[in-house]
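Working notes, beginning with the structure itself.
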Amino acid sequence: MSAKKIVITGGPGTGKTSIINALLKRNITCLEEISRQVTIDAQKKGIEQLFLTEPLLFSDMLLEGRQKQYHEAKTYDVPYLFLDRGIPDVVAYLDFLKTDYPNRFVSACEAHTYDLIFILKPWKEIYMSDNERYEDFDQAIEIHQCLMNTYSKYGYQLHDVPFESVEKRTDFILNIVENI
């Protein structure tokens, strides 16, 4: 039996990582975000923001990593697992930058489908920038819209996660997952 693949997505600084960490503490299988590592690796090579300087190269690296995660998810013998972002996130961020991209990005979104998508709205009270996050809060709102448009374009129903504590947000997500 293949695990149901459940994506937690949202713009920068919306609490995705906190929820993933809360799920991990509950011994729920999660595959963590890979874009931070790609950014950190580029910074070690002297490129401050690879996504901004070479968005297609950065996105190709993310696409490859997220496709690997997608296939890795099939190997778990659990009823479901969570992914911190999905393949459509790559397209949404390219759309945010208004960057043209090859059809392989669209094909990847069509070929790799997820079972459930949770989206976190921008939340000013918890938003913080850091060394890997270049976006300001207004840009986070734009990215949220691009994510909603992209996931909807590929036929996904998006489940909005309410503004609550990490524990309540995690409970909200698990309640939906356990009732599908």
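Of everything in segment 17-33 that's at pLDDT below 95 and in a helix (DSSP H, G or I), which residue is nearest to LEU62 (Cα to Cα)?
THR17
Could you grab me the full set of residues in segment 50-82 that are of a type in the set (Ser, Thr, Tyr) and under 14 Å from the mean Cα position of the chain (by Cα)? Before you say what the answer is, go through the steps one by one.
If we filter segment 50-82 for residues that are of a type in the set (Ser, Thr, Tyr), which is where we start, we get 53, 59, 70, 75-76, 80.
Those that are of a type in the set (Ser, Thr, Tyr) and under 14 Å from the mean Cα position of the chain (by Cα): SER59, TYR70.
Considering only segment 56-67, I want to know if a residue exists there that is in contact with a helix residue (DSSP H, G or I) (Cβ under 9 Å, 6 or more places away or on another chain), assigned to a loop (DSSP other than H, G, I, E, B), over 15 Å from PHE118 (Cα atoms) and modelled with pLDDT under 95.
No.
Could you check, for segment 123-137, whether at least one of its residues is in a helix (DSSP H, G or I), within 16 Å of the chain's Cα centre (by Cα) and within 16 Å of GLY15 (Cα to Cα)?
Residues of segment 123-137 in a helix (DSSP H, G or I): 137.
Going one step further and asking which of them are within 16 Å of the chain's Cα centre (by Cα), we end up with none.
No: zero hits.
Name, by its number, the condition in (1) closer than 17 Å to LEU147 by Cα; (2) part of a loop (DSSP other than H, G, I, E, B) that does not hold for ALA92.
(2)
What's the number of the condition ILE34 fails, among (1) under 21 Å from ASN175 (Cβ atoms); (2) β-branched (Val, Ile, Thr); (3) surrounded by fewer than 20 Cβ atoms within 10 Å (Cβ to Cβ)?
Going through (1) under 21 Å from ASN175 (Cβ atoms); (2) β-branched (Val, Ile, Thr); (3) surrounded by fewer than 20 Cβ atoms within 10 Å (Cβ to Cβ) one by one, ILE34 breaks only (1).
What pairs can you find where one residue is in segment 27-50 and farther than 19 Å from LEU81 by Cβ, the other is assigned to a loop (DSSP other than H, G, I, E, B), and their Cβ atoms are less than 6 Å apart, with a gap of 6+ or different chains?
ARG36/GLU132; THR39/GLU132; GLN49/TYR134
Could you pull out the residue among THR113, THR75, THR99 that is of a type outside the set (Phe, Trp, Tyr), outside any strand (DSSP E or B) and at pLDDT 95 or above? Steps first, please.
Numbers: THR75 fails: at pLDDT 95 or above; THR99 fails: at pLDDT 95 or above.
Criteria check complete, one pass: THR113.
The values are calculated or read from the model by the stated rules, or taken from the named source; none is laboratory data. None of the values given here were measured: they were computed from a predicted structure. Counting neighbours? That spans all protein chains shown, and the Cβs are built from the backbone with ideal geometry, glycine included.
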